[in-house]
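The values are calculated or read from the model by the stated rules, or taken from the named source; none is laboratory data. Nothing here was measured: the structure is a model prediction, and the numbers come from that model. We place every Cβ from the backbone using ideal geometry, glycine too, and count neighbours over all the protein chains shown.
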Amino acid sequence: MDTILFLAQTEENGTLGKPAREALGAAVELNQALSGTLVAALYGAQAQPAADAIANCGALRFLAVAGEDFASARYATDAAACEALLRAAQATIIITAATSRSSRIMAGVTHRVSGCVDTHVTGIATDSGSLTLTRWFYRQRIEASLSRTQRPWILLLDPGAHAAWQGQGASGSVTPELITVPVTESMRRTTVRGTVTPPADQQTIRPDAKLLFVAGAGWTKKQKDGQTHVPEAETIIVDFLKKSKASLGSSKSLVEMSGENQSALRFMSHLNQVGQTGATPRHPKGLSTCCHGEEPHTVGWRFIGERRAINLDPNCGWARGKADVLYVADAFEVMSKVNALLGS
Amino acid sequence: MTNPYHVVVCASVVPDPLQTLEPVTGPSGPALKNEMMLPAILDPWAAHALYEGANLVKQITGSKLWLVSMAPKAKLQQVMMTVAQKVPLQLVAVDGPSSGFADAHQTAGALAAAIRSIAGIDLSRLLLFGGWESASRSAGVTLQLIGEELGIVDQFQGVDAITPQEDGSFEVLERVEGARHQKSLCAGSPAVLGWATGNLGEPRNDPQVGMANMRTIMPALQRATASAISSDGLQYTNVATPKQQRQTRIVKDLPTEDIAREIVQWIKQE
């Protein structure tokens with residue numbers, strides 16, 4: 001019988017983030033399908049609030065590694081904590097969310113427990129008691145289902161790939177078994193000094209937005225009058241983001257312009273980049289502007305539902321089956337009108 | 001700076017992203033149709049790691065740079081014709097599969113062995129660089145596994161900047177959720193850094209650098225040891241290219257006002 005371990009980091013206030021609750025949803029479902037034993041394990045500065053929140057998830061055991069040494073996302077201490085939790089749980093299948101914190105360590109933990117790992121899992125299925133997962137290869141261009149005989153098997157579930165666990169919490173009904181992890185000086189060689197956040201007016205990436213708005217290099221090119229209009233482009237885009245609450249994405253060529261000292265949009269960085277060497281965000285809708293829709297960019301649109309594009313070229317990539325609607329028009333004119341309509 | 005680094009960049013080759021990829025079933029599992037015929041490039045995120053590594057080595061006297069790459073020898077030779085012109089490097093070649101379907105654990109074992117065998121490397125000065133994910137397997141696990149094999153417990157992923165300090169320590173910026181960077185200070189080498197895009201553009205081709213590199217690259221390719229990767233308990237049940245063709249409605253000659261109205265209506269629809 002399999003022992004399914006739900007493994008999660010706790011947030012600063014000791015609670016669980018949405019990706020962790022999604023991973024719990026998948027773990028609970030898998031446990032029912034395999035008739036296994038569910039164990040929940042938490043690590044972070046404090047674990048009790050998270051344990052309270054998932055007290056009714058059906059786990060037979062609750063384990064935790066807690067303390068100030070485990071507050072920060074640091075490889076050495078996080079990997080040691082997860083290794084200890086895996087060993088204590090004696091789990092055969094481990095499900096955790098593919099957050100930046102867990103993605104940094106899980107392969108290393110796998111090595112320590114002589115297991116195997118699969119990341120960016122988008123689907124988990126069972127058939128006659130055997131587990132099959134689905135993930136993408138070649139940057140969302142080929143989808144594969146696979147299974148493994150080796151155990152323990154660690155699965156990192158991509159955020160948004162499964163419904164979150166919706167059960168009710170129960171304050172004080174469970175007390176996690178605390179696992180002691182000795183922290184040596186060599187594990188403190190790295191000190192986390194916090195996070196660097198873009199200024200509020202430049203915070204353009206909104207993972208929960210309903211719309212992804214992609215700006216391509218065309219916004220900085222010469223327009224009908226033979227001149228570039230970069231400041232005007234900035235005003236139109238910022239105005240649209242404010243009114244629509246969309247998340248801003250970019251093509252590779254546009255973000256690289258700033259590195260080459262060309263006229264570029266000031267609020268655009270590599271973090272906005274979508275595609276082969278950028279992000280693959282999940283939004284119900286996507287609107288592309290002044291972007292040709294070439295394959296290296298559109299692989300980043302894999303998880304965008306409805307897609308529309310505005311481009312002057314009727315033969316651009318979007319026209320070749322990559323968008324639902326292509327408007328052959330001037331994005332400066334169209335988006336100015338869109339802003340006016342959204343503001344009215 | 002008193003502490004020179006030994007920078008090892010792990011980078012494989014991947015099909016040019018403009019190529020159409022079609023999965024087929026080969027004798028040892030899934031593969032790409034005409035894989036050996038597809039034009040290849042250096043893995044894009046790993047290429048950023050190479051440029052950042054070369055820049056770091058240039059800044060700190062006494063530092064060295066190796067590029068450790070596992071790929072079919074012929075493919076590697078083709079890609080090196082371009083890569084060699086970018087930055088000065090010493091190639092360590094491992095002749096093995098570069099397929100996205102090859103197992104990462106065994107790949108990491110072969111690469112760790114290749115790094116250990118580099119003549120003159122000081123593992124206490126090691127900065128192990130690579131892409132935080134490849135454009136083939138896209139898993140982001142190989143570097144971590146190599147790091148563990150080599151006993152390195154200071155690891156960073158999604159790195160966009162490294163800033164060396166006078167005392168040998170260095171500051172690292174890693175991408176985290178919410179379009180933020182986590183800032184960390186590491187006491188010094190050894191460390192693993194899986195790079196995102198960094199901040200450097202692609203260097204221009206320099207034929208002189210290319211000629212100097214090729215003097216060592218060709219012998220390195222000839223010396224490349226063969227490394228077999230087995231599927232060991234991993235079984236693919238289905239490998240397919242998803243249907244992605246949409247029926248695009250192309251809207252021409254519609255007044256700007258009407259297009260804007262249609263877009264606003266679409267945005268507001270639940």
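Tabulated results
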| item | result |
| --- | --- |
| Complete set of residues in segment B:69-91 that are more than 18 Å from B:GLY210 (Cβ to Cβ) and crowded, with 23+ Cβ neighbours inside 10 Å | B:MET70, B:ALA71 |
| Condition check for B:LEU42: among the hydrophobic types (A, V, I, L, M, F, W, C) and more than 8 Å from the chain's Cα centre (by Cα) | no |
| Meets criteria (out of contact with any Asp or Glu (no Cβ under 8 Å at 6 or more places or on another chain), under 17 Å from B:GLY147 (Cβ atoms) and surrounded by fewer than 23 Cβ atoms within 10 Å (Cβ to Cβ)) for A:GLU68 | no |
| Residue count, segment B:243-270 (criterion: within 7 Å of chain A (Cβ to nearest Cβ), part of a helix (DSSP H, G or I) and either polar (S, T, N, Q) or touching a Cys at 6+ places or on another chain (Cβ under 9 Å) (or both)) | 1 |
| Residue identified as more than 30 Å from A:SER103 (Cα to Cα), surrounded by 15 or more Cβ atoms within 10 Å (Cβ to Cβ), touching a strand residue (DSSP E or B) at 6+ places or on another chain (Cβ under 9 Å) and more than 7 Å from chain A (Cβ to nearest Cβ) among B:LEU193, B:LEU221 | B:LEU221 |
| Filter result for A:LYS322 (of a type in the set (Lys, Arg) and assigned to a strand (DSSP E or B)) | no |
| Test: residue in segment B:176-183 that is surrounded by fewer than 20 Cβ atoms within 10 Å (Cβ to Cβ), more than 7 Å from chain A (Cβ to nearest Cβ) and of a type in the set (D, E, K, R) | no |
| B:GLY198 being in contact (Cβ under 8 Å) with a residue 40 or more places away in the chain, closer than 30 Å to A:ALA76 by Cα, surrounded by 18 or more Cβ atoms within 10 Å (Cβ to Cβ) and over 21 Å from the mean Cα position of the chain (by Cα) | no |
| Unmet criterion (only one of (1) in a loop (DSSP other than H, G, I, E, B); (2) farther than 30 Å from A:GLN48 by Cα; (3) of a type in the set (A, V, I, L, M)) for A:ALA125 | (1) |
| Qualifying residue in segment B:146-155 (condition: more than 8 Å from chain A (Cβ to nearest Cβ) and out of contact with any helix residue (DSSP H, G or I) (no Cβ under 7 Å at 6 or more places or on another chain)) | yes |
| Residue within segment B:35-44 that is modelled with pLDDT of 95 or more, surrounded by fewer than 14 Cβ atoms within 10 Å (Cβ to Cβ) and among the aliphatic types (A, V, I, L, M) present | no |
| All helices (runs of 4 or more DSSP H) inside segment A:225-299 with 2 or more residues being modelled with pLDDT of 90 or more | A:230-244, A:295-298 |
| Total residues in segment B:247-262, condition within 39 Å of the chain's Cα centre (by Cα) and of a type outside the set (Lys, Arg) | 3 |
| Qualifying helices (runs of 4 or more DSSP H) (wholly inside segment A:1-94; at least 3 residues being without any contact (Cβ under 8 Å) to a residue 12 or more places away in the chain and under 24 Å from the mean Cα position of the chain (by Cα)) | none |
| One residue from B:THR82, B:THR25 being under 19 Å from the mean Cα position of the chain (by Cα), more than 29 Å from B:GLY168 (Cα to Cα) and not in a loop (DSSP other than H, G, I, E, B) | B:THR82 |
| Residue within segment A:239-246 that is within 8 Å of chain B (Cβ to nearest Cβ) and more than 18 Å from the chain's Cα centre (by Cα) present | yes |
